[in-house]
Amino acid sequence: MIIALDGPAAAGKGTLAKRIAAHFGVPHLDTGALYRAVASRALRTGETPEAAAAAFRIGDMDAPDLRSGAVGAQASRVAAIPAVRAALLEFQQNFARRPGGAVLDGRDIGTVVCPWPETVKLFVTASPEARAKRRFNELLARGETPIYAAVFADLAERDRRDSQRADAPMKPAPDADVLDTSDLDPDEAFRMALGLISAKTRARG
Ligand code: C5P
């Protein structure tokens, strides 16, 4: 079973993807980390994003700055370059096709990476305010001193770049179920997601 979780930053899809993968006993790929790794590598080595993507190695995902705000913002810029996306496609599709299945989360898994009818597709979203509040609290918990308005503006800018790019823009696949987590805690989101997944798999027999 291949499960695709797409949606904007801070909608809760990463946490959800990990729990769903553990529940079904299948591996999970955070595809945002691939774009972050390419951005981090390009910043570190001075390579072009295209060259960094072509030279991508799994170890690049261990870069210490992978989760920084600067690398996240740069990731959404390099992710708009078609050659970067093309260089990362096969790795993602091979991961998805492992025997036994996989969970992948990102922006274009249901539309471009695994658009196949057998993929179970969820589009996980939340209001901009709920997402900004979550990201703000995550940063506080990490010991940073975030400014709410800046966090909100950063997410809005990332949404704009991710949904308006020409190549693989973020959007729900036509056969995706939309899960809005604005008013759900992580346990409720997990239960709802499992319900949607089992309804989908039952309907397919
Ligand atoms: O999810 P995360 O914030 O780690 O992703 C970083 C960036 O990588 C996103 O803003 C997006 O531009 C890009 N991305 C993408 N396609 C994916 C996953 C992430 O374009 N499947």
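No lab work stands behind these numbers, since they all come straight from the coordinates. Note that the structure is a prediction, hence the values are computed from the model and not measured. Here Cβ is always computed from backbone atoms with ideal geometry, including for glycine, and neighbour counts include all displayed protein chains.
If you check Pro49, Pro64, Pro27 for being closer than 16 Å to Arg161 by Cβ and either surrounded by fewer than 16 Cβ atoms within 10 Å (Cβ to Cβ) or more than 11 Å from the ligand (Cβ to nearest atom) (or both), only one passes: Pro49. Scanning the range 103-132 for residues that are buried (at least 22 other Cβ atoms within 10 Å of the Cβ) and of a type in the set (Gly, Ala, Ser), we see that the one that is nearest to the ligand (Cβ to nearest atom) is Gly106.
Pairs linking a residue in the range 1-29 that is touching a residue at least 12 places away in the same chain (Cβ under 8 Å) to a residue that is aromatic (Phe, Trp, Tyr), with Cβ atoms under 6 Å and 6 or more positions apart or on different chains, are Asp6/Phe123; Gly7/Phe123; Arg19/Phe190; Leu29/Phe95.
The single residue among Asp105, Asp65 that is under 16 Å from Val38 (Cβ atoms) and among the charged types (D, E, K, R) turns out to be Asp65.
Under the condition of being under 30 Å from Ile81 (Cβ atoms), away from the ligand (no atom under 13 Å from the Cβ) and either of a type in the set (Gly, Ala, Ser) or within 16 Å of the chain's Cα centre (by Cα) (or both), the residues counted in the range 133-156 number 3. Among the residues of the range 167-192, those that are over 30 Å from Pro82 (Cβ atoms) and not in a loop (DSSP other than H, G, I, E, B) comprise Asp180, Pro186, Asp187, Glu188, Ala189, Phe190, Arg191, Met192.
Scanning the range 157-171 for residues that are more than 10 Å from the ligand (Cβ to nearest atom) and surrounded by 14 or more Cβ atoms within 10 Å (Cβ to Cβ) gives a single hit, Lys171. Sort out for me the helices (runs of 4 or more DSSP H) sitting completely within the range 1-57 that have 1 or more residues that are under 18 Å from the mean Cα position of the chain (by Cα) and basic (Lys, Arg). Result: 13-24, 31-45.
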